[in-house]
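The values are calculated or read from the model by the stated rules, or taken from the named source; none is laboratory data. Remember, predicted model here, so these are calculated numbers, not experimental data. Here the Cβ positions follow ideal geometry from the backbone for every residue, glycine too, while neighbour counts run over all protein chains shown. Side chains included, ligands, DNA and RNA excluded: accessible areas come from the protein's heavy atoms. Shrake-Rupley method; radii C 1.70, N 1.55, O 1.52, S 1.80 Å.
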Amino acid sequence: TYATLAGYEDSEIATATLCWVEKESDSTDIIEVIGNPVLICTNNGSIVVKGAEAGTEIAVYNINGAMQGTATANGSEVVINTSLSKGDIAIINIGSKAIKVVMQ
């Protein structure tokens with residue numbers, strides 16, 4: 001993705017992953033899929049997670065399963081700094097959902 005505005009140069013291209021993370025339902029008589037759209041961006045070893053439900057635990061692992069960082073979602077945006085490099089694969093656990101992303 002990138003941003004444009006008349007009279008300005010286009011921004012640099014940024015890569016992001018959008019996923020849906022399930023959340024608890026109070027419904028007992030209707031089957032429904034409830035989820036939050038969560039945006040994950042990586043840049044220079046940092047992982048930014050936007051939109052995860054407040055209080056959700058987020059953990060980042062490398063491809064070998066070694067933990068690289070953790071955070072608790074605040075409902076808006078959290079930044080997790082890691083030692084991962086561009087091209088490394090990060091496994092991000094958001095609650096019970098696991099997402100693989102390539103570090104940018």
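Taking amide H as placed 1.01 Å from N in the peptide plane, the amide H of residue 88 sits under 5 Å from that of 103, each at least 5 places away or on another chain.
Each of 91, 63 has its accessible area taken with a 1.4 Å probe; listed largest first, they run 63, 91. For the stretch 73-87, putting each phi into the Karplus relation 6.51 cos²θ - 1.76 cosθ + 1.60 with θ = phi - 60° gives couplings of 4, 10, x, 10, 9, 10, 10, 10, 8, 10, 9, 6, 10, 3, x Hz, in residue order, rounded to whole numbers and with x for Gly and Pro.
Shown in residue order for the stretch 36-44 are the 3J(HN,Hα) couplings computed by the Karplus curve 6.51 cos²θ - 1.76 cosθ + 1.60 at θ = phi - 60°: 10, x, 10, 9, 10, 10, 10, 6, 6 Hz (x for Gly and Pro). Taking a Cβ cut-off of under 15 Å around residue 63, the surrounding Lys, Arg, Asp and Glu residues balance to a net charge of +1, with basic ones at +1 and acidic ones at -1.
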